[in-house]
Amino acid sequence: EPEVTQTPSHQVTQMGQEVILRCVPISNHLYFYWYRQILGQKVEFLVSFYNNEISEKSEIFDDQFSVERPDGSNFTLKIRSTKLEDSAMYFCASSQNMASNTEAFFGQGTRLTVV
Amino acid sequence: SQQGEEDPQALSIQEGENATMNCSYKTSINNLQWYRQNSGRGLVHLILIRSNEREKHSGRLRVTLDTSKKSSSLLITASRAADTASYFCATDGGNAGKSTFGDGTTLTVKP
């Protein structure tokens, strides 16, 4: 069964450093998303991406964050100048389309720890 | 703002019993989805129910949706220890790309 894969599974970084979280969405999907889940809290939407541009972003997704689809398979989330409060599980998801009856498939997540 | 809220926050049952989790939301939706998350792991999609549907089944899972009450329930029948996980509802609010997740219900099934 096709799946969304994320790497690395766990990333530890020093405060102030830049990190890039990587995702390989399902191959025939056109819509891509990033969510995050701070430990013990709910899953929060960050950004959606379609046709090589951001479709929608949340208040969380400020100038510190950026997304990119550098090639035909990868979808990345870059976090510049990381802060302690960026520590969270980051989930990538993809869907075939954005119709109201579409299921989004989630990856296993990258646990980011900022120290 | 739209928000899914599950109750109870935590549920502990014996293997073989049924587990019912509820979700309430605030604004109109196109669909509501239920996800499962094992501790520290990713989200696994369970069921999507559209706003014009009232009930949906998948194996031991039964989901209901009452749009007049803005609520949904997830029933797991004949629970197993392996069902132990957190369960989340997520609503789309007209934009299926952006899902709004609830706080989740932590289910513990004791063998």
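What number of residues in the range B:26-64 are within 13 Å of another protein chain (Cβ to nearest Cβ) and assigned to a loop (DSSP other than H, G, I, E, B)? Going through the range B:26-64 one residue at a time, the tally reaches 11. Is there any pair with a first residue in the range A:67-93 that is basic (K, R) and assigned to a loop (DSSP other than H, G, I, E, B) and a second that is surrounded by 11 or more Cβ atoms within 10 Å (Cβ to Cβ) and modelled with pLDDT of 95 or more whose Cβ atoms are under 7 Å apart and which are 6 or more apart or on different chains, and what are they? Taking only residues 6 or more apart or on different chains, the pairs are A:R69/A:F75; A:R80/A:E18; A:R80/A:Q64; A:K83/A:M15; A:K83/A:V114. Comparison of B:L32, B:L61 shows that the only residue that is under 11 Å from the mean Cα position of the chain (by Cα) and either open to solvent by 20 Å² or more (accessible area, probe 1.4 Å) or under 26 Å from B:P111 (Cα atoms) (or both) is B:L61. Taking the listed residues A:L21, A:L39, the one that is open to solvent by 100 Å² or more (accessible area, probe 1.4 Å), closer than 12 Å to A:R111 by Cα and touching a residue at least 12 places away in the same chain (Cβ under 8 Å) is A:L39, with no other qualifying. Within the range B:86-100, the set of residues being of a type in the set (A, V, I, L, M, F, W, C) and at pLDDT below 90 comprises just one member, B:A96. For the range A:48-65, filtered to residues that are open to solvent by less than 30 Å² (accessible area, probe 1.4 Å) and in contact with a Leu (Cβ under 8 Å, 6 or more places away or on another chain), the residue that is farthest from the other protein chains (Cβ to nearest Cβ) is A:F65. Against the numbered list (1) of a type in the set (A, V, I, L, M, F, W, C); (2) open to solvent by less than 50 Å² (accessible area, probe 1.4 Å); (3) closer than 24 Å to B:N38 by Cα, A:I79 comes up short only at (3). Candidates B:D83, B:D7: the one that is more than 20 Å from A:A104 (Cα to Cα), at pLDDT 95 or above and either of a type in the set (D, E, K, R) or open to solvent by 40 Å² or more (accessible area, probe 1.4 Å) (or both) is B:D83.
The values are calculated or read from the model by the stated rules, or taken from the named source; none is laboratory data. Nothing here was measured: the structure is a model prediction, and the numbers come from that model. A quick note on method: Cβ atoms are made from the backbone with ideal geometry, for glycine too, and the neighbour counts reach across all protein chains shown. Heads up: the accessible areas ignore ligands, DNA and RNA and are worked out on the full protein's heavy atoms, side chains in. Shrake-Rupley method; radii C 1.70, N 1.55, O 1.52, S 1.80 Å.
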